[in-house]
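The values are calculated or read from the model by the stated rules, or taken from the named source; none is laboratory data. None of the values given here were measured: they were computed from a predicted structure. Note that each Cβ is placed from the backbone with ideal geometry, even for glycine, and that neighbours are counted across all protein chains shown.
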Amino acid sequence: MNDKKAIRAAKIAKYLANSKISYTRKLARQYKVDYKILLEMQKGPCELCDTKTEDKFYLDHCHKTNKLRGVLCQKCNFALGHLEYILDNNLLNKMIKYLNKK
């Protein structure tokens with residue numbers, strides 16, 4: 001019975017590894033970068049907060065040029081996306097005033 005579980009676990013691990021490689025190749029084509037460069041980028045920490053990205057990495061890119069900027073953790077990628085919206089719409093000062101209200 002343990003042999004069946006070990007075989008199944010090995011199959012799942014192989015599937016997940018192949019899925020990640022396929023996804024990375026797709027992203028490499030999309031952002032016109034070398035696949036091997038993306039694999040190396042994924043091994044490092046988040047470029048903003050230095051958190052190790054592990055399995056969850058996000059390729060940060062400019063939405064106007066589609067140029068790849070780097071690899072971020074989920075929280076930094078989410079925050080940066082919202083920050084761009086805030087800056088583009090001149091909301092930062094309004095938000096600071098709102099937070100300082102008593």
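Side notes on the structure shown:
- Considering only residues in region 52-80 that are in a helix (DSSP H, G or I) and either at pLDDT 85 or above or basic (K, R) (or both), the one that is nearest to K26 (Cα to Cα) turns out to be N77.
- Residues of region 81-102 that are loosely packed, with under 10 Cβ neighbours inside 10 Å, among the charged types (D, E, K, R) and over 30 Å from R29 (Cβ atoms): K97, K101, K102.
- Considering residues of region 81-92 that are part of a helix (DSSP H, G or I) and over 24 Å from K52 (Cα atoms) only, the residue farthest from the chain's Cα centre (by Cα): L92
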